[in-house]
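The values are calculated or read from the model by the stated rules, or taken from the named source; none is laboratory data. Note that the structure is a prediction, hence the values are computed from the model and not measured. Don't worry about glycine lacking a Cβ; one is built from the backbone with ideal geometry, like all the others, and counts go over all protein chains shown. Please note that ligands, DNA and RNA were not included when accessible areas were found on the heavy atoms of the full protein model with its side chains. Shrake-Rupley method; radii C 1.70, N 1.55, O 1.52, S 1.80 Å.
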Amino acid sequence: MKNISLLLAILMPFTVLSQKLHADLFIGISGYQGDLQAKRFTLNQSKPVVGLGASYDLTNKLIARAGFFYGKIEGNDRKNKSNKGIELRNLNFRSTITEFNVGLEYNFFDLGYRDISPYVFGGAAVYHFNPYTKDAAGNKVFLNPLSTEGQGLPQYPDRNPYKLTQFAIPFGGGLKFALSENLQVGLEIGFRKLFTDYLDDVSMNYVDSATLYAERGAQAVDLAYRGDEVTGGQSYPADGVQRGSPKFKDWYYFSVVRVSYRLNNSKNDKNGLACPARFY
């Protein structure tokens, strides 16, 4: 009997923890805002994103959360309808985004007693990106090694290569629906505040084509400016001509459906966190 009591005493903290722990699934679309997509939020050029996470009830309204996301983003001058004439620059990129994030979430209402609640969240994230395009022959080419704006070239000492793994600040909000004592479904949009303007490999000015050719080869020159591939496009611009705008950093964002399932539930939980009264 003493052994059973000891075992229950050991397992009790883990049981309480599991009653407050949720597994989260995210499915939706991703978007990007930058030099090849000027709108802060748009469904144009959106791509799929999925995520897995876990959340833990600190109180009935305050939640700790962590998650991993995998998605894709893209931008294309030919599809950028908000900036007339930009299609003649003819740049485009795609990138896979992998992200790990942690943060806090606040529900405005207690879902133990309400069917629906808006919520907000914020935190910190580490993400990895690697912009690429396809050349005129259809071959996939990663842009970072090409130094398309002179990053890392001795002739442009003020332009450092951009890192492909960086920090971000995720924040956003959504609306949750409690379908049962264990199951919640929500609609969420989360923005990522970035500290780089090179998510799309575009930020500043064109560099001298002869210098770029000597340092990185013909492919770098071909992909730094692609206006000569479209009707009405011009030849490679002169050194210093504006290519992008460093005034604002880039962003990416996820619009997702979130499914949250409580991993364990006990009707005897006295804290009210695992047994919403409205379900009894």
Task: Point-charge dipole on Cβ atoms (K/R +1, D/E -1) for the chain, about Cα centre, debye to 20 - done: 1000 debye
Task: Heavy atoms of K79 accessible to a 1.4 Å probe, total area in Å² rounded to 10 - done: 90 Å²
Open item on the list: On a 1.4 Å probe surface of the protein chains, which of I63, I169 comes out largest in accessible area, and what is the full order?
Closed with: I169, I63
TODO: Assign unit charges at the C-beta atoms only (+1 for Lys and Arg, -1 for Asp and Glu), then state the dipole size of the stretch 47-143 relative to its Cα centre in Debye, rounded to the nearest 20.
DONE: 560 debye
TODO: Would you be so kind as to identify which of P246, T211, G28 lies farthest towards the positive end of the dipole of the chain, taking Lys and Arg as +1 and Asp and Glu as -1 on Cβ and the Cα centre as origin?
DONE: G28
TODO: Over the stretch 193-255, consider all pairs of different Cα atoms and compute the Kirkwood hydrodynamic radius from their mean reciprocal separation; express it in Å, one decimal.
DONE: 13.2 Å
- [ ] Measure off 7 Å from each Cα along the Cα-to-Cβ vector at V141 and N264, then give the distance between these two points in nanometres to one decimal.
- [x] 5.6 nm
TODO: Measure off 7 Å from each Cα along the Cα-to-Cβ vector at Y132 and I189, then give the distance between these two points in nanometres to one decimal.
DONE: 3.1 nm
Task: Restricting the stretch 113-164 to chymotrypsin sites (Phe, Trp or Tyr not before Pro) in coil, as DSSP defines it, with at most 14 other Cβ within 10 Å - done: Y113
Task: Binned Cα-Cα distances of the stretch 145-214, short to long, each 10 Å bin given as a whole percent - done: 16, 31, 19, 15, 11, 8, 2
Task: Answer label for Cα extents along the principal axes in Å (calculated), chosen among (1) 58, 43, 43; (2) 84, 39, 32; (3) 50, 45, 34 - done: (2)
- [ ] With unit charges on the beta carbon (Lys/Arg positive, Asp/Glu negative), name the residue among I63, P48, F109 whose Cα is farthest towards the positive pole of the charge dipole of the stretch 37-111.
- [x] P48
Task: Most to least accessible of T231, T42 (protein chains only, probe 1.4 Å) - done: T231, T42
TODO: Please calculate the 1.4 Å probe accessible area of D158, with all protein chains present, and give it to the nearest 10 Å².
DONE: 110 Å²
Open item on the list: Order H22, H128 by their accessible area, 1.4 angstrom probe, all chains in place, largest first.
Closed with: H128, H22
Open item on the list: If each residue of separation counts as 0.36 nm, what is the full-extension length gain between Y56 and N182 once their alpha-carbon separation is subtracted?
Closed with: 44.1 nm
